Amino acid sequence: MGKKLYILISLFLLLLGTAALAGESMPLNLTPGVTSISHDIYELHMTIFWICVVIGVAVFAVMLYAIIFHRKSKGAKSAQFHSHLALEITWTIIPLLILVLMAVPATKVLIQMYDVEDEELTVKITGYQWKWHYEYLEDGISFFSNLATPWDLIHSKGPKNEDYLREVDNVLVLPVHKKIRFLITSNDVNHAWWVPDLGVKRDAIPGYINEAWARINRAGTYYGQCAELCGVNHAYMPIVVVAKSDQDYKDWVAMKKGGNTQAEADTNKVWTMQELMQQGEKVYMRICAACHQPTGLGTPPTFPALKGSPVAIGSIEKHIDTVMNGVSGTAMQPFKAQLSDVELAAVVTYERNAFGNNTGTLVQPLQIKTVRDGKPLSAAPAPSAASTAPVAPAAPAAPAAPAAPAAPAAPAAPA
């Protein structure tokens, strides 16, 4: 028995050592984070963890002692009794005190987590399948944040960097040392906005707004993820928060507001087929390929193919309406609010000329703006013929013809 006990203890110590080494190479604990809330949550977690460790060690020590020194082979006989009032009171009072000891700091942290008053900045966060929309209520800035890695790269076996599933096209930029209030909701199904370093995790529920807050103490980049199963591409819904100094944040706000003027200029510009196809491919791979596949073959019947689709090679009006307003009762969601006029024009043009569709037609951003304003597509200014034709290489310039001699001026008529 002594040899068996020695082996058992050795295996137990080996297991503890392996767990310790694994913990160093692969951190599994909560992060202290970069906000006061995340730090308080971490400290509360560690306090309760060590209380549980002490209780576990005490309970298993008594169990091991009884198993080893009061085993049947040593002639031990169990005591026979029906009740022990003092013992029952003891093992009721002690756990109660332990629970109170844990409940008091937990309640304080919980109250602090929901104290969203005196905020200095408010950001509304809306979950979509499968992206996030951020709206800075005081500054009038809003944008969508999508997974930046193209879908064909995600599903290929080519080289990727370690963050290829955490990179987004538009990051959430926040100032440090300011209390930021988050209003979290959803446009379609349940999501959950979770950034461990901020100590924030709130459900995003359609028709309901949850509140949270954070005061970031250190500039840097912090990653998160949707933490609620929200559909087939739930795993591709990352969150990236970039915390900046106050001056850098103000510069970013000014830059974003200046972008509105540029967006208006881009809408009024007449785009070439080549420009729209290049832009449209980027939009398609970022937004549409998740369902319709990078090849345009889709996964029918849920996500129909675009290659040879009656929509993609048929009426432009119907195609634009489908992309902008979605299709009720299907997985096709409306993209009117998610994409700009340029992006909508580009992706419709791309779908009509990629995958072998080759319709030769294009849509200008100004046409999308016309439809967005509630007018028929025919009311939009017609693009010039040069803009609708594919871009061809420029021909060499012909030699200039000699200038004709100027005709002699006619004599002035008498007054």
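Nothing in this text is a laboratory measurement; each read-out follows from the coordinates by a stated rule. Note that the structure is predicted; figures quoted are calculated from it, not measured. Positions of Cβ are generated from backbone atoms using ideal geometry, with glycine treated the same way; all protein chains shown enter the neighbour counts.
Here are the numbers for the structure shown:
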| read-out | value |
| --- | --- |
| Net charge of neighbours whose Cβ lies under 14 Å from the Cβ of Tyr164, counting Lys and Arg as +1 and Asp and Glu as -1 | -1 |
| Under the Karplus curve 6.51 cos²θ - 1.76 cosθ + 1.60, θ = phi - 60°, whole-Hz ³J(HN,Hα) for the stretch 71-80, x wherever Gly or Pro sits | 7, 5, 5, 8, x, 6, 10, 6, 6, 10 |
| Loop trypsin sites (Lys or Arg not before Pro), the stretch 183-225, which have at most 14 other Cβ atoms in a 10 Å radius of their Cβ (DSSP) | Arg218 |
| Part-to-part distance (alpha-carbon centres) for the stretch 170-237 and the stretch 104-123, which is given in Å | 16 |
| Calculated FRET value between Lys257 and Thr295, using beta carbons and R₀ = 25 Å, to 0.05 | 0.05 |
| Solvent-free Debye scattering, log10 I(q)/I(0), computed from the Cα coordinates of the stretch 269-388 at q = 0.18, 0.22 Å⁻¹ | -0.89, -1.37 |
| Residue order, fewest to most beta carbons within 10 Å, for His191, His292 | His292, His191 |
| Protection proxy ranking of 163-170, 336-343 - average other beta-carbon atoms within 10 Å, highest first | 336-343, 163-170 |
| At most 11 other Cβ within 10 Å, DSSP loop - GluC sites (Glu not before Pro), the stretch 84-143 | Glu117, Glu138 |
| Sorted by Cβ neighbour density within 10 Å, fewest at the top, the residues Val371, Val242, Val195, Val363 | Val242, Val371, Val195, Val363 |
| Loop chymotrypsin sites (Phe, Trp or Tyr not before Pro), the stretch 231-270, which have at most 12 other Cβ atoms in a 10 Å radius of their Cβ (DSSP) | none |
| Which of Tyr134, Tyr223, Tyr65 has the fewest Cβ neighbours within 10 Å, and the rest in rising order | Tyr65, Tyr223, Tyr134 |
